[in-house]
Structure formats: C-alpha cells, structure tokens
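For reference, the structure is listed below as structure tokens.
What follows draws every value from the coordinates through simple rules; no lab data is involved. Bear in mind that the values here come from a model prediction, so they are computed numbers and not experimental data. Cβ atoms come from the backbone with ideal geometry, glycine included; neighbour counts cover every protein chain shown.
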Amino acid sequence: MNQICTLSPIHKSIANGIVHVYNHPHHGYCMGHLGENLRVNHHCGDYLHLYYNATKAYSLEEFDNHFVEFKSKYPAAAVILEYDIGFEKWSSAHFPVNRYDVMTTNIVESRNAMLIDEMEYPMASIFNSIAKGFGELFRERHAYILKSMGNQMVPSTKKIARKEMIEGDSLYVENVTGDDNQFTVFGAGVTAHVDLREKSCSCREYDLIKIPCAHAMAALRSKHGNEYDSINVVPLESEWCVPEELLNVKILPPLVDTKLGRKQRKRVKGVMRISKAREGTNVQFAREQDTREPHVWTTTNLN
Ligand SMILES: [Zn+2]
C-alpha cells in the first residue's frame, strides 16, 4: 500500500475524499493543473517553465537551482508552493513515494468527454454505454497486443527506455569496486553511481520512475553486452511476491450519504475537447454533428 500514490487537480475536497477512503497512500497534485493555477491566478506565465523544470527535477540539487530562480521572479507564488502546498505535493524530487512519471493522459476527463450525451440518460443506459465503450477499447487493445507479441514494455515505457538507451551509449562506464552490480558512469560533466541490484542511480531518476536512466542503461550495457536490449523492467506475474495479508485484503466502497434524484447540470453540446499537448500521448475527442457518434483518437508527441 505504501508504494501507491494518488494524483489529482488542486481541489481540497478531492484530497480530503481520497484521504477518507485511502488513508495510507501519499496524495500529490497534478503538475499541469497546478501550473495552470500559477499562470492564471498568480500571473506566472512568463517564467512558468522554471516551475515545470523544478517539478520534473529528480535530484534535490537540481530542484533547488530551478526553484530559487522561480522564487526570484515570483516570491509570493513561491511562498504558496513552499509553505501552503508543500514541496512533497508537486515536486518529483521531494515526493516521498514513487510518482512514476508515466501518466501522460487524463483518463477520467477523456471518459467524461465521451459520455456528455449519455449523462442525461437513465443510469442503466449510462452503464451500458460505459460497458460498450470499454468493450470496444479492450477489443482494439487486445488486437494491438496480439500484433505486437513479444513486447515486454508498454509503448510509452518502451519509448522512454529507448531514449535512455541511446543517451547511455555515449557514456563511459567503470566497474571500480569489482561488484558486477555497481558501476560508476561518466559523461557530460556528470559522474553517477549505479547499483543495479537496488535499481538505483545517484541521479535519482531510476529510483523515482523505475525505468533505467541513461547511466543505468550504460551500466547494463557494460554488464550484459548487446543482450541488454531485452531487459524486462517488470518481472513476470509468476515471479511476483505478494504478501499474504495483501492477498486477503478486501477493499469496500466508501460509505456515502446518497441523495435521491438526478443532479441538475448545465452542459455544452457538440464541443470538441482536446487535451493539452504535453509529453507522451494526447487524447482528442469529438462528436459527429448529425449522428452524435463519438470519436476518440490519440496523437503521440515524439519530443
Ligand atoms: Zn542515473
């Protein structure tokens, strides 16, 4: 349970609700929502990249450099980020558990956008639409997986691993201690220490997102030669070691005071919703003007 974390927009009620149901996992804020809040409410638009650099930094030293620069531009906003919200809510370097960094699409908003019309239907029809929609998505996913059998990573992870591998190819590796799991990696003015057994690197990227960083890739290349191309990041399910007490845990839905009747809401019909461009995959949504048929498609940002 302590390896799980939840991320949400910056509404206090969401954080309070999550704590009420799941009191163990650490809760953090979505860096995109927080960034928008800084831009709109605190007018940080001109130097917002300093905030994003700080959120994405893996080492504390790198975080401090970016945050000090942000603070010099926007002292009032920096006080809110540091004291009102807290670094551990939005900074990867200060996050107390694994933030992973692979969540690049907003799944809930994508599903909400697909159900704009159905939300007006009776509850049973909404569930039928959801079941049909998911059935269709799983059918497509299944066909895609069958086509690419043998892949050991999901596409977004594979893309990151490939990038790190290419970067790692230009690094110089030394095995100073003689232990075949510990390496010192030199390159671009930075010296990093990698421990393959602990899945750790002094740059902290490997520790935080659990995908080997460029230094770890260089170390793996040194250890395994050209065979390191087929490294399995996630072990096979048959090798998982799940504690007995977790196997028997039954998670019940929260006790809520359900109000009768449908909630009144305003809606805008036929709006195309496009997620903000960011690293990874963007989900876009639109409806046919005549048939109201939903269309969802994804685009991949290769930068
Ligand atoms: Zn590293």
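Below is a table of values for the structure above.
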{"item": "Cβ-placed point charges (K, R +1; D, E -1), dipole of region 5-89 about Cα centre in debye, nearest 20", "result": "280 debye"}
{"item": "Unit Cα scatterers, Debye sum, region 155-230: log10 I(q)/I(0) for q = 0.12 Å⁻¹", "result": "-0.27"}
{"item": "Cross-link pairs beyond the 18 Å C-alpha cut-off, checked among K56/K223; K12/K89; K199/K223; K89/K163; K159/K223", "result": "K56/K223; K89/K163; K159/K223"}
{"item": "Spin-label pair K12/E140, simplified geometry with 7 Å Cα→Cβ offset, distance in nm", "result": "4.0 nm"}
{"item": "Ordering of 132-145, 205-218, 30-43 by burial proxy (mean other Cβ atoms within 10 Å per residue, highest first)", "result": "205-218, 30-43, 132-145"}
{"item": "Förster radius 30 Å - calculated FRET efficiency between L255 and K199 (Cβ-Cβ, nearest 0.05)", "result": "0.15"}
{"item": "Integer Hz, Karplus 6.51/-1.76/1.60 couplings in order for region 72-89, x for Gly and Pro", "result": "5, 8, 10, x, 5, 5, 5, 5, 4, 4, 7, 9, 6, 8, x, 4, 5, 8"}
{"item": "Residues with amide H under 5 Å from that of G28, placed H, sequence gap 5 or more", "result": "T6, L7, S8"}
